[in-house]
1. Bins of 10 Å, beginning at zero and ending with the bin holding the largest distance: percent of Cα pairs per bin for region 138-231, please.
2. Given the peptides 179-191, 159-171, arrange them by the average over their residues of other C-beta atoms within 10 Å, most packed first.
3. Compute the acute angle (0 to 90°) between the alpha-carbon long axis of helix 64-75 and the principal axis of greatest extent of the alpha-carbon atoms of the chain; round to the nearest 10°.
4. Beta carbons within 10 angstrom, averaged per residue: use that to sort the peptides 72-80, 96-104, highest first.
5. Using only Cα atoms, find the angle between the long axis of helix 163-174 and the longest principal axis of the chain, and express it within 0 to 90 degrees, rounded to the nearest 10.
6. Could you work out, for region 27-110, what percent of all Cα-Cα pairs fall into each 10 Å distance bin, beginning at 0 Å and stopping at the bin that holds the largest distance?
7. Taking a point 7 angstrom from the Cα of residue 37 along the C-beta vector, which residues in region 72-115 have backbone N less than 16 Å away?
8. With everything on Cα atoms, drop me the angle between helix 113-124 and the longest principal axis of the chain, reported from 0 to 90° to the nearest 10.
């Protein structure tokens, strides 16, 4: 091993498609000591374009502050790969949450395709103060992809939200015209304390057949008998 590789110099990383890249990254992942700072600086300076395989190799060495720096870089890079967020967007860290909030609160956010990528990450931060934004986006007459992303954000942070307000929002979404939103709302209601009573109270005769069957399956899983006359 050369001295350059031994120090894991970012500029020595083999190019994508090179047969040397995978073993190099495996060596990086397994190395006893790797300083992430040169990698962060190379990305921020534009000398290195991060790729999912590289970030996967560095993932265990990226703490909250490092993830926030990479998230700031991603948000400032219009062409950045959304796949990178699987690593850099899932660290729970206050500056990461602040960056996500600032971006999602921008005036153009509600019409931005980027919002659909960021809303689940905001939910992953599990900050109670983000419930209203996620709930409002899930209920609002926005592009369907964004509404589903907001509901995903509510799902991944489920235990962090005020239960009664969440329950009310999910009840509304059970009646949504989009089958995907309605089905997810049923699943999430079943996970809440007392959610079985909410599902049992639904008039299944007014639900689409697939959704009514979903309600029955969730009730059965919770030990509830199917409501008489509503199947």
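Nothing in this text is a laboratory measurement; each read-out follows from the coordinates by a stated rule. As the structure is a prediction and not an experimental result, all values here were calculated from the model. Counting neighbours? That spans all protein chains shown, and the Cβs are built from the backbone with ideal geometry, glycine included.
1. With 10 Å bins starting at 0, P(r) equals 17, 51, 28, 4.
2. Working: 179-191: 18.6, 159-171: 16.0.
Descending mean neighbour count gives 179-191, 159-171.
3. It is inclined by approximately 80 degrees.
4. Answer by packing, highest mean first, reads 96-104, 72-80.
5. 80 degrees
6. That works out to 17, 52, 26, 5, 1, in percent per bin.
7. none
8. 80 degrees
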